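Beneath this line is the structure, given in structure tokens, with notes to follow.
The values are calculated or read from the model by the stated rules, or taken from the named source; none is laboratory data. All values derive from a computational prediction rather than experimental measurement. Backbone-built Cβ (ideal geometry, glycine too); neighbour counts: all protein chains shown. Accessible surface areas use protein heavy atoms only, side chains included; no ligands, DNA or RNA. Shrake-Rupley method; radii C 1.70, N 1.55, O 1.52, S 1.80 Å.
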Amino acid sequence: MAKDTATIWPTVHAERAALIEDLRDLPAERWSTPSLCPGWSVHDVLAHLVDDARTTTLSFVGSFVRAGFDFDRFNDRGVARERAADPAQTLAAFESVSRRSTGAPAPLPTRLVEAIVHGEDIRRPLGIEHDYPPAAAVTAIRHQLATSTKMGGGRERAAGLRLTATDADLTVGDGEHVRGSAVALLLALSGRPVRPGELTGPGVQSLTG
């Protein structure tokens, strides 16, 4: 765990800093752009990232109980709490918590999943390109493969498939092949849409359908 902490948190902090820079000069009218996360704008996703960074084990337990053990309600309340009227204020709040190393009581690789998937939830609809560390994306993929869709993972989506990252050292599973970048594979495993042609192979429809 100490080794994981030493590698994962610096990556998360670096990805938060990169996202802040990408959004610093975003025009006001772009903040309402629908994100890849259904029902949320890019501003909403940023507010979720603020809430996620502020979360501790104790605060999570209390908020989850008050939400009736409903993850969607829990997340929506967090967004409402952290979403300022002015997006610039939400971005400033994110910057103020961007170096924190706290989170919900979940396996540490979920922090990488959050950083990469939510980063793309925001960037892709805005047309912003960003390169993520391949090793971080691979760690996030392996976590999603071991986690059920009910818990936000992608284990069931990948059942009966062989996944190969074209830009990282990763080939996992057996069955119909799916090839693509590690980030594209991670997005598909996480239930997000990918661009046409980003993934290839006979198993693409099974993974993304």
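If a residue has to be touching a Lys or Arg at 6+ places or on another chain (Cβ under 7 Å) and surrounded by fewer than 20 Cβ atoms within 10 Å (Cβ to Cβ) to count, how many in the range 104-128 make the cut? Final tally of qualifying residues: 1.
Selection of the range 133-166 for residues being assigned to a loop (DSSP other than H, G, I, E, B) and surrounded by fewer than 16 Cβ atoms within 10 Å (Cβ to Cβ) yields ALA146, SER148, ARG155, GLU156, ALA159, GLY160, THR166. Can you find a residue in the range 83-101 that is of a type in the set (Asp, Glu), open to solvent by 20 Å² or more (accessible area, probe 1.4 Å) and more than 14 Å from ASP51 (Cα to Cα)? Within the range 83-101 (the criterion being of a type in the set (Asp, Glu), open to solvent by 20 Å² or more (accessible area, probe 1.4 Å) and more than 14 Å from ASP51 (Cα to Cα)), the answer is yes, since at least one residue qualifies.
Checking each residue in the range 194-209 for being in a loop (DSSP other than H, G, I, E, B) and aliphatic (A, V, I, L, M) picks out only VAL194. The set of residues in the range 167-193 that are open to solvent by 20 Å² or more (accessible area, probe 1.4 Å) and assigned to a loop (DSSP other than H, G, I, E, B) comprises ASP167, ALA168, ASP169, ASP174, GLY175, SER181, GLY191, ARG192, PRO193. Taking the conditions exactly as written (under 27 Å from ASP52 (Cα atoms) and assigned to a helix (DSSP H, G or I)), does HIS130 satisfy them or not? So HIS130 does not fit the description; no.
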